[in-house]
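Worksheet: the structure to be examined is printed underneath.
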Amino acid sequence: MALLLAGRPEIFDGVHADLVRGIRHPETGRKGRMSAEQVIKALLIKQMNGFSYEQLAFHLEDSRSYRAFCGFGFADVIPSRSALQRDIKRVRPETLEEVNLVLLVVATKKKIEKGRKVRVDCTVVETDIHHPTDSSLLYDGVRVLCRLTQAVRELIDVTVTDHTRRAKKRALGILNAKNQKVRTRLYRDLLKVTRKVVCEAERVAETLRESPTNDPIAAIGLEGELSHTIPLVRRVIDQAERRVIKGESVPSSEKLVSIFEPHTDVIVKDRRETYFGHKIVLTGGASGLITDLVVEEGNPSDSTLAQNMIARQTEIYGRAPRRVAFDGGFASKDNLSAIKAQGVKDVAFHKKRGLKIGEMVKSSWVYKNLRRFRAGIEGMISFLKRSFGLDRCTWSGLPSFKAYAWASVVAANLLLIARHLIA
């Protein structure tokens, strides 16, 4: 893997640009900061092993192999957990996507992956949140706003009340309520205290804006957090009142399932299981490499995604793939005609859905072959989730979610290319 990365400065140039982005004088400052090569290699080690930042710092200190791979000398001081987190999180998802393109070029030159035969499927990556209920979301809003207003009280003279204990009691009471009548009564009180906390937080934020402080930087930070959190808690109040008090059915697209990860989507899969995260679309090649990844917004139907994935393959390789295999959810006559119009010769959907084999491919043998080929992407997705942490994203924020997904793909592809070359 180190040899594959060596001699390819285009991989590290983009990472270096991310590391110095927003810094006025990147050539000055404390010596010993991580280089772009060290950052990307530390990120690969983290994803391959599922390390936390604390574990990553320990293993970089403990393992000679990891130190040598990342370019740390025997006497060098290993960056701390916070330094590793700071630098790794600065790498943008667009940069990691470009790194993956470089690896695909390497795979093409080494005759590992030509991109002529691909398979497409969707999966869900969960965000790092607890299972959302109306009561737990209301309690989250109360404790976060109370924590922020208590912090403001240390900066300026303002009167605030901590309602966290009362909200926690009501949330636990709702969880253990014996019947709906008791549960509704407790919800009404929890909604009451949450509204009271929101009003108090708005008053504190207004006072903070108008009052001078000894620490203006901390004041700006607290004001920003309050301005970000208050609208989210109001959304939680609204949806809880609609669902619990008024008995309405709130659509999934309107639900807020976390005030910490508000970008999280509600994904209902096969009308059986509900996931909280994001739907991602993966394209895999015959070699087992992941050639493309797209993080979708909301829960779009698979049938609306097929054409875009083939168009992206054409952009990546400069030509359309010759054969494509899809899951049954992508099947439609419009998709078939549009994909063939892009230059694809054989298109196989796992379920025919009214399509004839002769319309999709040139023979029954090709159709059966592509159906068996499509099943391989299930193993590729399982490999990413089991070995590279793609089952659950532990990074905060939507840009970081996308970066985390691409980091898993880059790490997996680099490992697979290395395995192909030593096989």
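The values are calculated or read from the model by the stated rules, or taken from the named source; none is laboratory data. Since the model is a prediction, treat every value here as computed from it, not as a measurement. Please note: Cβ atoms are built from the backbone with ideal geometry, for glycine as well, and neighbour counts cover all protein chains shown. Side chains are part of the model used for accessible areas, which takes the heavy atoms of the whole protein and leaves out ligands, DNA and RNA. Shrake-Rupley method; radii C 1.70, N 1.55, O 1.52, S 1.80 Å.
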Please verify whether Leu186 is in a helix (DSSP H, G or I), modelled with pLDDT of 95 or more, touching a Gly at 6+ places or on another chain (Cβ under 9 Å) and under 20 Å from Ile245 (Cβ atoms), treating the condition exactly as stated. yes
In the stretch 189-219, which residue that is surrounded by fewer than 13 Cβ atoms within 10 Å (Cβ to Cβ) and of a type in the set (A, V, I, L, M, F, W, C) is modelled with the highest pLDDT? Cys199
Picking from Ser249, Ser253, the residue that is more than 23 Å from the chain's Cα centre (by Cα) and of a type in the set (S, T, N, Q) would be Ser249
Any chance Ile88 is touching a helix residue (DSSP H, G or I) at 6+ places or on another chain (Cβ under 8 Å) and over 26 Å from Phe383 (Cα atoms): no
Show me the helices (runs of 4 or more DSSP H) entirely contained within the stretch 52-100 in which 2 or more residues are more than 30 Å from Val294 (Cβ to Cβ), open to solvent by 20 Å² or more (accessible area, probe 1.4 Å) and out of contact with any Ser or Thr (no Cβ under 9 Å at 6 or more places or on another chain). 53-62, 64-70
If you check Lys402 against the conditions, is it more than 30 Å from Lys111 (Cβ to Cβ) and among the charged types (D, E, K, R)? yes
Assess whether Val105 counts as being in a helix (DSSP H, G or I), at pLDDT 90 or above and not small (Gly, Ala, Ser). yes
Number of the condition not met by Arg170 [criteria: (1) basic (Lys, Arg); (2) surrounded by fewer than 21 Cβ atoms within 10 Å (Cβ to Cβ); (3) under 35 Å from the mean Cα position of the chain (by Cα)]: (2)
For the stretch 220-230, indicate whether the set of residues that are within 25 Å of Ser135 (Cβ to Cβ), assigned to a strand (DSSP E or B) and open to solvent by 50 Å² or more (accessible area, probe 1.4 Å) is non-empty. no
The stretch 191-219, residues that are small (Gly, Ala, Ser) and not in a helix (DSSP H, G or I): Ser211
Quickly run through the stretch 5-15 and pick out the residues that are open to solvent by 20 Å² or more (accessible area, probe 1.4 Å), touching a helix residue (DSSP H, G or I) at 6+ places or on another chain (Cβ under 8 Å) and closer than 13 Å to Lys41 by Cα. Phe12
Matching entry among Lys109, Lys169 (being more than 30 Å from Phe326 (Cα to Cα) and of a type outside the set (Val, Ile, Thr)): Lys169
What do you reckon, is Ile267 modelled with pLDDT of 90 or more and in a strand (DSSP E or B)? yes
